[in-house]
1. Carbon and sulfur together cover what percent of the accessible area of the chain at a 1.4 Å probe radius?
2. On a C-alpha basis, how far is the centre of segment 70-88 from the centre of segment 97-118 in Å? Whole number, if you could?
3. Taking a probe of 1.4 Å, how large is the accessible area per residue of the chain, in Å²?
4. Please state the relative contact order of the chain as a whole percent: Cα pairs under 8 Å, 6+ residues apart?
5. May I ask which residue of Ala108, Thr69, Ala98 lies farthest towards the positive end of the charge dipole of the chain, with charges of +1 (Lys, Arg) and -1 (Asp, Glu) on Cβ and the Cα centre as origin?
6. Using protein chains only and a probe of 1.4 angstrom, how many square angstrom of Thr59 are accessible, to the nearest 10?
7. Mind listing the Cα extents of segment 56-122 along all three principal axes, in Å, largest one first?
8. Skipping prolines and chain starts, which residues have an amide H placed within reach, meaning under 5 Å, of the one on Thr91, given they are 5 or more residues away or on another chain?
Amino acid sequence: QVQLVESGGGLVQAGGSLRLSCAASGRTFNVYVMGWFRQAPGKEREFVAAISRSGASTTYADSVKGRFTISRDNAKNTGYLQMNSLKPEDTAVYYCAADYSLVLHSTASSYDSWGQGTQVTVSS
């Protein structure tokens with residue numbers, strides 16, 4: 001199992017940007033598919049984005065396409081989620097997840113390792 005720690009959350013105004021980081025330790029990071037999920041109070045955990053082992057392939061939820069960019073730097077054992085043009089509906093706790101897999105996952109149950117989450121709040 002890989003250990004994950006998110007950082008970079010905070011309070012921003014609508015239209016602003018944040019970059020979340022996911023620092024990994026334990027097993028070699030480049031053997032893990034990585035994903036980002038978010039969860040608002042009273043709502044189910046929602047898929048945001050995922051990236052393949054090498055970073056060559058990505059997939060996004062329709063709600064964030066064109067605004068968010070997922071990336072990774074395997075040499076630094078770190079994944080990223082760049083969030084631009086933020087909207088109040090993006091407000092949630094954001095979680096980094098990883099899975100020892102060759103294919104991308106968009107379902108939370110498919111991921112074995114999770115970070116503790118970082119709060120993102122977007123004001124109107």
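1. Solvent-exposed carbon and sulfur of the chain make up 46 percent of the total.
2. Spelled out, the Cα-based centre of one part sits 15 Å from the other.
3. Details: 6060 Å² over 124 residues.
That works out to 49 Å² for each residue.
4. 37
5. Of the options given, the answer is Thr69.
6. Spelled out: Thr59, probe radius 1.4 Å, area about 50 Å².
7. Here the spans come out as 33, 25, 24 Å, largest first.
8. Val122
The values are calculated or read from the model by the stated rules, or taken from the named source; none is laboratory data. Only a predicted model underlies this, so the values are computations on that prediction, with no experimental measurement involved. We place every Cβ from the backbone using ideal geometry, glycine too, and count neighbours over all the protein chains shown. In case anyone asks, the SASA skips ligands and DNA or RNA and just uses the protein heavy atoms, side chains included. Shrake-Rupley method; radii C 1.70, N 1.55, O 1.52, S 1.80 Å.
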